[in-house]
Amino acid sequence: MKELIKKTRTYRKFDSSRPIDDKTLEELIELGRFSGSARNCQPWQYLIVNDREECEKVFPHLGWAGYLTDWKGPDESQRPTAYILCYLNREWLKGTLQEAQFDLGIATQNMLLGATDMGLGGCRIGAFSPKIVEFFPQPEHLELHLVIALGTPAEKVVIEESRGEDIKYWRDEQQVHHVPKRSLAEILLPATKEPV
Ligand SMILES: Cc1cc2nc3c(=O)[nH]c(=O)nc-3n(C[C@H](O)[C@H](O)[C@H](O)COP(=O)(O)O)c2cc1C
């Protein structure tokens, strides 16, 4: 389990010659379907985009790797070959929007774990332009909250312990993508013996 979680990194470069079929994407969505959600309201709905022309429409409206200011996103040979557009259905919401966003986080993590298991990889993208909504008109009660870009990874991503406060991911000269993670000691609060 730990290995699968460690291997499930964010990938932003893919082999654009390797499409992903509907059945595979449905299997990933199926993994999201079993996720927990506040009040079990399962507020999510998904749209598969894997047609080449439609993928080309989506791509320019995605914000890639904000910390890598000199990188504008994957070039044509390294673009994602599929997307899962993640909506929240307002008519199914029982709690707050914040809870529903937690729910979507959990469901998409299950999908990404499944993607790793299948030799695929992806990137959750919150920084998308509202233009995407215009390409795929939906009833008003559906709100696009997240885009998952998917493909066969074509980059090396490693995790490392962060030094000090610097948690910005970076790329070395060999284009290996480094993701600093806070140490266990940093995130584990000391047990309090006395009531505060
Ligand atoms: C809710 C959410 C939104 C994200 N939005 C973006 C995004 O807009 N663009 C991007 O390149 N990466 C995005 N990411 C990916 C994060 O940058 C990535 O998870 C982080 O750098 C840590 O890398 P790791 O996933 O390999 O641990 C997002 C991740 C999450 C969970």
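The values are calculated or read from the model by the stated rules, or taken from the named source; none is laboratory data. Treat the numbers as computed from the prediction; the structure is a model and nothing was measured. Please note: Cβ atoms are built from the backbone with ideal geometry, for glycine as well, and neighbour counts cover all protein chains shown.
Counted as qualifying within the range 97-196 are the helices (runs of 4 or more DSSP H) with 1 or more residues that are more than 13 Å from the ligand (Cβ to nearest atom), closer than 25 Å to C55 by Cβ and touching a strand residue (DSSP E or B) at 6+ places or on another chain (Cβ under 7 Å), namely 131-135.
Among the residues making up the range 58-95, none is at positive phi and free of Cβ contacts under 8 Å to residues at least 12 places away in the same chain.
Conditions tested, residue by residue: (1) more than 21 Å from the chain's Cα centre (by Cα); (2) closer than 17 Å to Q78 by Cα; (3) not assigned by TED's automatic domain parsing to the domain that holds R52.
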position	(1), (2), (3)
L146	no, no, no
G151	no, yes, no
R163	yes, no, yes
W170	no, no, yes
E173	yes, no, yes
H177	no, yes, yes
K181	no, no, yes
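Mind checking whether some residue in the range 55-63 is loosely packed, with under 11 Cβ neighbours inside 10 Å, within 16 Å of the ligand (Cβ to nearest atom) and either in a loop (DSSP other than H, G, I, E, B) or of a type in the set (D, E, K, R) (or both)? Scanning the range 55-63 turns up no residue that is loosely packed, with under 11 Cβ neighbours inside 10 Å, within 16 Å of the ligand (Cβ to nearest atom) and either in a loop (DSSP other than H, G, I, E, B) or of a type in the set (D, E, K, R) (or both).
Residues that are more than 16 Å from the ligand (Cβ to nearest atom) and surrounded by 12 or more Cβ atoms within 10 Å (Cβ to Cβ) were ranked within the range 40-50; the one that is farthest from P139 (Cα to Cα) is N50.
Among the residues of the range 30-46, are any touching a Ser or Thr at 6+ places or on another chain (Cβ under 6 Å) and more than 30 Å from Q175 (Cα to Cα)? No: zero hits. Determine whether the range 15-24 contains at least one residue that is away from the ligand (no atom under 13 Å from the Cβ), among the acidic types (D, E) and in a loop (DSSP other than H, G, I, E, B). There is at least one residue in the range 15-24 that is away from the ligand (no atom under 13 Å from the Cβ), among the acidic types (D, E) and in a loop (DSSP other than H, G, I, E, B).
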